[in-house]
1. When the residues of region 178-233 are filtered to those that are among the β-branched types (Val, Ile, Thr) and in a strand (DSSP E or B), which remaining residue is least open to solvent (accessible area, probe 1.4 Å)?
2. Please go through region 340-361 and give me each residue that is open to solvent by less than 10 Å² (accessible area, probe 1.4 Å) and of a type outside the set (Asp, Glu), ordered by number.
3. Pairs, please: C-beta under 8 Å, at least 6 apart or cross-chain, first residue farther than 11 Å from Thr195 by Cα and among the charged types (D, E, K, R) and in region 255-272, second part of a loop (DSSP other than H, G, I, E, B) and open to solvent by less than 30 Å² (accessible area, probe 1.4 Å)?
4. Looking at (1) touching a residue at least 12 places away in the same chain (Cβ under 8 Å); (2) open to solvent by 10 Å² or more (accessible area, probe 1.4 Å); (3) over 14 Å from Glu299 (Cα atoms), find the lone condition where Arg312 falls short.
5. Taking region 133-154 on its own, how many of its residues are among the small types (Gly, Ala, Ser) and either free of Cβ contacts under 8 Å to residues at least 40 places away in the same chain or open to solvent by 50 Å² or more (accessible area, probe 1.4 Å) (or both)?
6. Looking at (1) modelled with pLDDT under 95; (2) in a helix (DSSP H, G or I), find the lone condition where Pro174 falls short.
7. From the set of residues in region 315-333 that are open to solvent by 10 Å² or more (accessible area, probe 1.4 Å) and in a helix (DSSP H, G or I), which is farthest from Ile282 (Cα to Cα)?
Amino acid sequence: MRVIRFFLFLLICGIFSGVPADCALAGADGDKARLLKIVALSRHGVRSPTQDMKTLALWSSRPWPRWPVPRGDLTERGGRLITAMWAELRGTFMELGLLPHAACPPPGAIFVRADTDQRTRATARALLAGLAPGCETGYAVADGRPDTLFHPVKAGLCAFDPAAAASAVLSMTPGGLDRLHEECNAPLALIDQLTAPPAPELCAFFALPRQCRISDLPTSISVSPKGRSVRLSGCLGIASSLAEIFLLEYGQWPGRAAAWGQADGQILGRLLPLHSRVFDVINRAPLVARARGSSLLKEMADALAGRHYDQRLNAARLVVFVGHDTNIANIGSLLGVTWQARGWPPNGIPPGSALFLELWGVGERREVRVRFYAQTPAALHTPLAGDHAQRPEPPSSRNAGQDAPWTVKPEQAGDAALFAPAAAVVTAPPVVGEARFSLAAFEELVRKRINQDCLAPQQTPALRHAADAEP
C-alpha cells in the first residue's frame, strides 16, 4: 500500500508541476528532496536583425522597419522582458531554498558568465536586474573575441571537414534537402506571400527569372573555406531567417503585427516550425553539436558537480551562462534531450529562453534533471509597464526615427506573472518521461559526448558591473 501511495503521489506531482517542485523528487522513504544547484544556459533577449539592410533588401523589396538599436543588439524592451522573466524566477528560487529570502543574495551565490556580444552582455545585466534588483552583483565576460567557450569553431580551436559536415547535416534530413523543402512547402508559401518578390538581383544570382520567389531558390549546404561555419544557404536558409526576424518584430512591438502588419500570433505559429526544423538540421547534427558544444557542456557539467577549475562556479548556487540559440541546440543534441514549450514548435528556442541543469538531492542520492523554460508568445507580445520604444518606420520614410517615443501606462501593461517562463516538457528519447539522470550517469554521458579537441582553454574573467565600461 505504501508503494501505491508513493506512485500516486508522483502522478499528482507530475500533473501539477510547472516550475520545479519539492514533490517531484520526494523519496519513497520520506526523505525530503532538496534543490542543491542550478546551472543554466540562457539565450539573449529580443534583438534587432543581424543582417544588414543590403541583405534584407535582397530578400524582400518591401521597406524594412527601422530598429531603435544597431544591428544584432539587444533592445530596451528585450532587456525588460528578460528582467521580468528572471524576477519571477527569483521568487521560485527563494521558495525552493536555492536563494535566501533577502533583498540581495549573499556574495558569490549567483555567478553569471556572458558571451562577448552586446546582446549577451546586456542580457546578463538584465537578468541580474531581475534576480538581484539594486544589488552589486556583476557578471563575467572574456576579453577576447570570439569567446572560445561559446564559439570554439569560429575561434579556430577546431574546424569542420567540409565533406563530413555536409554528410552530418544530410543525416538530419531523411530524403535529402529536396525532401526537407517538401516538408516546408506550407510555411514557404506563406513566406512568399508575406515578403512579396525578392530583389531581381537575388533571382539573378541563382540564375532564375526576375520575378522569382523565395521558395524558387535552391538550397545547399555551405561550409566556409577554413571550416569555421556550416549553414544552409538559399531558400531554406533565407526563409528560416525571415521567420525569426518576424518573431523578433513581434516581440519588439507589442500591439502591432509583424511582417509589414501581416503576421499576428497565428501566422507566426505557422511560420516558426520551419525555422525550428531548419535550425535543428544544422545545430543538432551530432558532428556540429559536438564541435560547437563540447566546451560549454563540460564547463556546465563541472560547475554542477562542483569540479570546475574556477571556484566561483563551484561556490555559486545558481550559475547562468548567457549565449545563443545555437549554444542551447548544441547542448540539447549532446545530451539527447528534446523539448516542447507552450506555444512554440518542438525544440523552439525563443528569445530569453533557458536550458536548466538542476542538481537535486534525496538523502545521499544525487540526480540531474534537465528543464527548459520560455516565456509564451503572448508574453513576448504583451506590453510592459514603462515600455519605451520607437514606432517601427521604414528606412525610406521621410520621418523615419523621428516620431515621439510611445509609453505604456501601468494599467495597459500585462500582469507581472504573465512574464514568468513556462516549463516545457523535456524528454530524453527513447526513454519515456522526464529527462533525468543520476549524477554519475550524467557525468558519464558528458564524458562520452564531448570532443576533447574543441575544449576552450581555462578562463577566469573578472566580474563587470552595470556601471563598468563596455568591453
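The values are calculated or read from the model by the stated rules, or taken from the named source; none is laboratory data. A quick note: this is a predicted structure, and the numbers were derived from the prediction, not measured. No Cβ is skipped: glycine too gets one built from the backbone with ideal geometry, and neighbour counts run over all protein chains shown. In case anyone asks, the SASA skips ligands and DNA or RNA and just uses the protein heavy atoms, side chains included. Shrake-Rupley method; radii C 1.70, N 1.55, O 1.52, S 1.80 Å.
1. Filtering region 178-233 for residues that are among the β-branched types (Val, Ile, Thr) and in a strand (DSSP E or B), the one least open to solvent (accessible area, probe 1.4 Å) comes out as Val230.
2. Ala341, Gly348, Pro350, Pro351, Gly352, Ser353, Ala354, Leu355, Phe356, Leu357, Trp360, Gly361
3. So the pair list comes out as Arg256/Pro392.
4. (3)
5. 2
6. Condition not satisfied by Pro174: (2).
7. Residue satisfying both the conditions and the ranking: Ala315.
Residue-wise test of (1) at pLDDT 95 or above; (2) of a type outside the set (S, T, N, Q); (3) open to solvent by 10 Å² or more (accessible area, probe 1.4 Å).
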residue	(1), (2), (3)
His44	yes, yes, no
Leu56	yes, yes, no
Pro65	yes, yes, yes
Pro70	yes, yes, yes
Glu76	yes, yes, yes
Arg80	yes, yes, yes
Thr83	yes, no, yes
Trp86	yes, yes, no
Phe93	yes, yes, no
